[in-house]
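Values quoted throughout were computed directly from the atomic coordinates according to the rules given, and no laboratory measurement underlies them. Small disclaimer: the values here were computed from a predicted structure and weren't measured. Backbone-built Cβ (ideal geometry, glycine too); neighbour counts: all protein chains shown.
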Amino acid sequence: MNVIYILWLRQIKRYLRSKARIFSSLAQPLLFFVSLGFGFGPIYEQAGGGDYIQFLAPGIIAMSVMFASVFSGIDLIWDKQFGFLKETLVAPVSRITIMFGRTLGAATVSSFQGVLIFLLTLIFGFRPESILMLPVALLFMLLIAFFFTSLGTAIASVVDDMHAFPLVMNFLIMPLFFLSGALFPLDNFPKAIKYITYINPLSYGVDGLRSALTGISNFLIINDLLILSIFITISISTGAYLFKRIQI
């Protein structure tokens, strides 16, 4: 437990030391929210969709958590290249413990970023349906963070090039983001694309977060929780397996 706590604390300190990283990680989701929310808001409302700000905010929160989680894998590549990971791996603890500590720390940081984005959306007019559901929203932020942090760890375990990692991750996560219902209702997708959304883990994260914050849901919140938990189990197991195979 001490090792997990140390690794968890290290990830948080690393995030807080990088002011540029904090600013950039908040700027992109906020830009999406303001430009799309106020740009497409009137059109969305005229089409009978209601308040687009209310619909968009949960998707943008999920987006901020996802990007922060996935790109935590760069820290792993950095540690591999500069020898910090070797110092950690030679410690008399299992690699699973090390991987879990790193994942927990990165997921905490990503969820904290999601909370910051949530607070910023309040300034621009977003209002949650019920304050009592905020802990459930936080739970879904953590679940999204755990899935994409472990996914980033899995990719970073087999990729050693810091320049290649963002390219690989963008190739994977951008389709997941745009086909998750974060920006547009899933009901309006063609059937062929809609079937893809059913196997997209982020679809259930966004839907669960939107259900907790606005009461709107496509899959039911309990289904979101169960299916997302299955995806997390798979991603953590894969990440742990690949992390164990890292050569030092």
Using only the alpha carbon atoms of the stretch 88-157, find the Kirkwood hydrodynamic radius as the inverse mean reciprocal pair distance, in angstroms to one decimal. 13.8 Å
Expected 222 nm ellipticity per residue - DSSP helices of 4 or more, -39500 (n - 2.57), all of the chain, to 500: -26500 deg cm²/dmol
Take the Cβ-Cβ distance between Ile96 and Asp51 as r, set R0 to 41 Å, and report the resulting FRET efficiency rounded to the nearest 0.05. 0.35
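Per 0.36 nm of contour for each residue apart, how much would the distance between Ile222 and Ile6 grow if the chain were fully extended, relative to their Cα-Cα spacing?
Full extension from Ile222 to Ile6 adds 74.4 nm.
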In nm, give the distance between the simple-model label positions of Gln81 and Arg127, each being 7 Å from the Cα along the Cα-to-Cβ direction. 4.9 nm
Bounding extents of the stretch 2-244 in its principal axis frame from Cα atoms, largest first in Å, are 60, 37, 36
Does anyone have the angle between helix 95-123 and the longest principal axis of the chain? Alpha-carbon axes, 0 to 90°, nearest 10? 30 degrees
Given points 7 Å out from each Cα along the Cα-Cβ axis, report the Ser24 to Asn170 separation in nanometres with one decimal. 1.2 nm
Peptides 37-48, 134-145: what's the order by average Cβ count within 10 Å, highest mean first? 134-145, 37-48
